[in-house]
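Data block below; observations after.
Only the coordinates and a few stated rules stand behind these numbers; no lab work does. Fair warning: this is a prediction, and the values are worked out from it, not measured in the lab. Virtual Cβ from ideal backbone geometry, glycine too; neighbours counted across all protein chains shown.
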Amino acid sequence: YVDDEEKYVDDEEKYVDDEEKYDEDTPTTKEYVRDPNSVDLVDTDLMGEAIDRYDQYDRREAACTENKLEFRVSFTTDRYAYENRWALIKNGDQTIATGPPDETNYVDDSVYTGRWCLSPGEYKFQIFDRGLDGICSANPLFGCGKLELFLNGQDVGNVVDDTSNWDMKELPFTVSVTSGRIDGVGNNGIVNQDRSWCKKVRSVMEVPQGTCVLPDGRRGHRVRVTTKVDKYGMETSWAITEKTSNAVKMKMGPIIPANGQKSVEDCLPVGKYNIRFQDLDGVCCRHGQGFIKLIVNGMDLLDGGAFVKSIDHDFQLGFDWISSMSERDCEWWWA
């Protein structure tokens, strides 16, 4: 019996050896390990200063003075964030800032930001990786981080989707001040006419261009109204009118039988509209589970059903909201 038990133990050890061999063939960790005494930085900025994620007003976000530009850093960590440090250096040897603070680490898969007002000069931002394999790996177990640098909102350097191995990256940039104003006004008092901030807003926010073609060849917006009625379906009707002319553009009379459903679709031009539904006691929920839906370019704009006698809503197609904004509006939106 003892011999059989020893044989069982030998077999178990062999199984453990095989499992260890499998781990060696498919590594899931790195040889370099973190300092167990270091503190993780949670809810802080790049410098380790605490921030309130729930306070939308950062009291430190005042505009830079006239002779300085705003420099921002966004650093997304991989799954080995303790390997990373960074430094901001001016004119070759003047250290402006470093991080994280001694005996601290950044947290894995997290975003850290920093902001400085920089005077004119030559700068470089250095990021270090003690694991010698950079901040982004093709191996999903290690994660993929990124680094982005902005000067007055303009991209001045980044390390994004870089899966190469490295221990240090250096990103140089120049601060040359022409104006510290944030409202598009230069030192000579002339308003910036190129609307660069609004161009940046347009680069990330699209004005709806429409998904259909009108009879005159212009782009239009596909509007669909879907109605499901209750058991008194012959009470329900609706109409869409153009706000300026009050002309009816789409409509449906009381034609749906009890508990039935019908969709009406058309291509409408850019403009302001009103849709009005009529029914003695609505389409939900006393006499059935009906509903009314307004869908524009495939997106739900209105969904309801409970009302008395009538209900109406205004809506707008193809509204270019960016064109109504000043450069100052656009910069505040971007910030």
Handout entry: Per-peptide average of other Cβ atoms within 10 Å, ordering 225-236, 120-131 highest first
Key = 225-236, 120-131
Exercise for the section: Mind jotting down the distance between the C-alpha centroids of segment 281-326 and segment 196-244, whole Å? Expected result: 11 Å
Exercise for the section: State which entries of 199/249; 146/200; 231/293; 200/249 exceed 27 angstrom in Cα-Cα distance in the structure shown. Expected result: 199/249; 200/249
Completion exercise
Length-normalised contact order of segment 216-306, Cα under 8 Å, at least 6 apart, in percent, tallies to 37 percent
Problem - Sorted peptide list for 140-150, 211-221, criterion being average Cβ within 10 angstrom, highest first - result: 140-150, 211-221
Practice task
Take each of the peptides 79-86, 296-303, average the number of other beta-carbon atoms within 10 Å over its residues, and list them starting from the highest.
Solution key: 79-86, 296-303
Handout entry: In sequence order, calculated HN-Hα J values of segment 317-330 (Karplus, 6.51, -1.76, 1.60; Hz; x Gly/Pro)
Key = 10, x, 6, 8, 5, 6, 5, 8, 9, 7, 4, 5, 4, 5
Practice task
Could you tally the net charge around residue 232, taking each other residue with its Cβ under 14 Å from the Cβ of residue 232, Lys/Arg +1 and Asp/Glu -1?
Solution key: 0
